[in-house]
Amino acid sequence: DAKTTQPPSMDCAEGRAANLPCNHSTISGNEYVYWYRQIHSQGPQYIIHGLKNNETNEMASLIITEDRKSSTLILPHATLRDTAVYYCIVRAQYNNNDMRFGAGTRLTVKP
Amino acid sequence: AAGVIQSPRHLIKEKRETATLKCYPIPRHDTVYWYQQGPGQDPQFLISFYEKMQSDKGSIPDRFSAQQFSDYHSELNMSSLELGDSALYFCASSLATLRGRNTGELFFGEGSRLTVL
């Protein structure tokens, strides 16, 4: 069973915030939420991860609901170069079971 | 900054042939991962190594094998190639922290595109 559910596709206007949702209702207490993205045919790129507190870095912000059953990745000012497939992955941080990519969200940033 | 280096970038083989892909991790990274991405599909985890030992195993076919060497580079060997093996193969690396386990921040190479005719 998939641990996460994401919409298959989303559009966003250039310069606006892109909010990408992810449902992970069966997340365990020791599991983190990771976000990666893949720009066409390039290797996936790590974006951010978090446990329960909101996180922010130079690329994005991650908002995790209090019950941890869902999260939102926010790209504050989307550019055309942010067009990519975004993957939400749930995994224990220190874990020998490695990253498994499921079906992500194809974000298209439009001018 | 140095990134993950994969070679060759492109490879064309015939059915039933053998292919070897190489991966050079970021300096000081001790863990490598292999992923396969078929056309229009999401990356599928194949196998990983930490300190030259297999760490985790995913959907790697029996025809494939991999290893990590003392300099931490890794090679993915694919034998009896089939048309369905045509894909992008990504290698990623990371630095293990706690008791050999990783934080989940993987750095990916640009991939090797294998075409089987």
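The values are calculated or read from the model by the stated rules, or taken from the named source; none is laboratory data. This structure is a prediction, so every number in the text was calculated from the model and none was measured. Neighbour counts run over all protein chains shown; Cβ positions are idealised from the backbone, glycine included. We work out accessible area using only protein heavy atoms, side chains counted, and drop any ligands, DNA or RNA first. Shrake-Rupley method; radii C 1.70, N 1.55, O 1.52, S 1.80 Å.
A few comments on the model shown:
- As a summary of the residue check, residue A:22 satisfies the conditions (1) open to solvent by 20 Å² or more (accessible area, probe 1.4 Å); (2) within 23 Å of residue A:109 (Cα to Cα) except for the one numbered (1).
- Restricting the range B:1-44 to residues that are crowded, with 21+ Cβ neighbours inside 10 Å and farther than 15 Å from residue A:42 by Cα, the residue that is nearest to the other protein chains (Cβ to nearest Cβ): B:33
- In the set (1) of a type outside the set (Gly, Ala, Ser); (2) open to solvent by less than 70 Å² (accessible area, probe 1.4 Å); (3) farther than 27 Å from residue B:25 by Cβ, residue A:16 fails one condition alone, (2).
- The selection criterion, being more than 14 Å from chain B (Cβ to nearest Cβ) and of a type outside the set (Lys, Arg), does not hold for residue A:105.
- Checking each residue in the range B:10-28 for being over 12 Å from residue B:115 (Cβ atoms) and in a loop (DSSP other than H, G, I, E, B) picks out B:16, B:18, B:25, B:26, B:27, B:28.
- Hey, residue A:24 under 24 Å from residue B:59 (Cα atoms) and away from chain B (no Cβ under 14 Å) or not: yes
- Restricted to the range B:45-85, and to residues there that are assigned to a loop (DSSP other than H, G, I, E, B) and among the acidic types (Asp, Glu), the residue that is least open to solvent (accessible area, probe 1.4 Å) is B:51.
- Qualifying residue in the range B:46-60 (condition: closer than 17 Å to residue B:115 by Cα and hydrophobic (A, V, I, L, M, F, W, C)): no
- Count - residues of the range A:30-52 that are open to solvent by 70 Å² or more (accessible area, probe 1.4 Å) and out of contact with any Asp or Glu (no Cβ under 7 Å at 6 or more places or on another chain): 4
- Number of positions in the range B:49-75 that are hydroxyl-bearing (Ser, Thr, Tyr) and within 18 Å of residue A:102 (Cβ to Cβ): 1
- Beta carbons closer than 8 Å, at least 6 apart along the sequence or on distinct chains, pair a first residue in the range B:55-70 that is under 15 Å from residue B:30 (Cβ atoms) and at pLDDT below 95 with a second that is part of a loop (DSSP other than H, G, I, E, B) and polar (S, T, N, Q) for B:55/A:96; B:56/A:96; B:56/A:97.
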